[in-house]
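Novice: Sharing a structure with you now.
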């Protein structure tokens, strides 16, 4: 998969994570967090543009913080959705 495709998969997962978090479905949130981690690992080694690299570095920091501190509330879900939107728009630069 290309960096753009991986980024879009991550964004889709973050949207799902938001939905499951708001529904209080911790098992589903954890499932999608693990799946997202797999995509991040692949994106880490994929060729990426220098324009996208800064976004990716900041996203990884935020993602790991979210993953290690799952709180099924609106604020936590909103952060997942915000990153889904950011990555969707930045995917073409990947």
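The values are calculated or read from the model by the stated rules, or taken from the named source; none is laboratory data. These numbers come from a predicted model, not from an experiment. Cβ: placed from backbone, ideal geometry, glycine included. Neighbour counts: every protein chain shown.
Novice: (1) touching a residue at least 40 places away in the same chain (Cβ under 8 Å); (2) out of contact with any helix residue (DSSP H, G or I) (no Cβ under 8 Å at 6 or more places or on another chain): which one isn't true of residue 15, the others all being true?
Specialist: (2)
Novice: Taking the range 23-39, which residues are within 22 Å of residue 89 (Cβ to Cβ) and either loosely packed, with under 13 Cβ neighbours inside 10 Å or in contact (Cβ under 8 Å) with a residue 40 or more places away in the chain (or both)?
Specialist: Matches in the range 23-39: none.
Novice: Sticking with this one: Exactly one condition in (1) more than 11 Å from the chain's Cα centre (by Cα); (2) surrounded by 14 or more Cβ atoms within 10 Å (Cβ to Cβ); (3) closer than 17 Å to residue 28 by Cβ is not met by residue 90; state its number.
Specialist: Among (1) more than 11 Å from the chain's Cα centre (by Cα); (2) surrounded by 14 or more Cβ atoms within 10 Å (Cβ to Cβ); (3) closer than 17 Å to residue 28 by Cβ, the lone unmet condition for residue 90 is (3).
Novice: If you go through the range 45-83, how many residues are under 15 Å from the mean Cα position of the chain (by Cα), assigned to a loop (DSSP other than H, G, I, E, B) and either over 18 Å from residue 35 (Cβ atoms) or touching a residue at least 60 places away in the same chain (Cβ under 8 Å) (or both)?
Specialist: Residues that pass the stated criteria total 1.
Novice: Further question on the same structure: Does residue 42 meet the test of being in contact (Cβ under 8 Å) with a residue 40 or more places away in the chain, in a loop (DSSP other than H, G, I, E, B), surrounded by fewer than 19 Cβ atoms within 10 Å (Cβ to Cβ) and out of contact with any strand residue (DSSP E or B) (no Cβ under 8 Å at 6 or more places or on another chain)?
Specialist: For residue 42, the condition - in contact (Cβ under 8 Å) with a residue 40 or more places away in the chain, in a loop (DSSP other than H, G, I, E, B), surrounded by fewer than 19 Cβ atoms within 10 Å (Cβ to Cβ) and out of contact with any strand residue (DSSP E or B) (no Cβ under 8 Å at 6 or more places or on another chain) - is not met.
Novice: Considering only the range 84-94, how many residues are under 20 Å from residue 45 (Cα atoms) and either touching a residue at least 60 places away in the same chain (Cβ under 8 Å) or touching a strand residue (DSSP E or B) at 6+ places or on another chain (Cβ under 9 Å) (or both)?
Specialist: Residues flagged as under 20 Å from residue 45 (Cα atoms) and either touching a residue at least 60 places away in the same chain (Cβ under 8 Å) or touching a strand residue (DSSP E or B) at 6+ places or on another chain (Cβ under 9 Å) (or both) within the range 84-94 amount to 6.
Novice: What number of residues within the range 20-30 are under 13 Å from the mean Cα position of the chain (by Cα) and more than 17 Å from residue 69 (Cβ to Cβ)?
Specialist: Residues meeting the conditions: 0.
Novice: Any idea which of (1) part of a helix (DSSP H, G or I); (2) over 15 Å from the mean Cα position of the chain (by Cα) is the one residue 37 doesn't satisfy?
Specialist: With respect to (1) part of a helix (DSSP H, G or I); (2) over 15 Å from the mean Cα position of the chain (by Cα), residue 37 is out only on (2).
Novice: Return only the number of the condition from (1) at pLDDT 95 or above; (2) closer than 21 Å to residue 4 by Cα; (3) exposed (fewer than 12 other Cβ atoms within 10 Å of the Cβ) that residue 51 does not satisfy.
Specialist: That leaves (1) as the condition not met.
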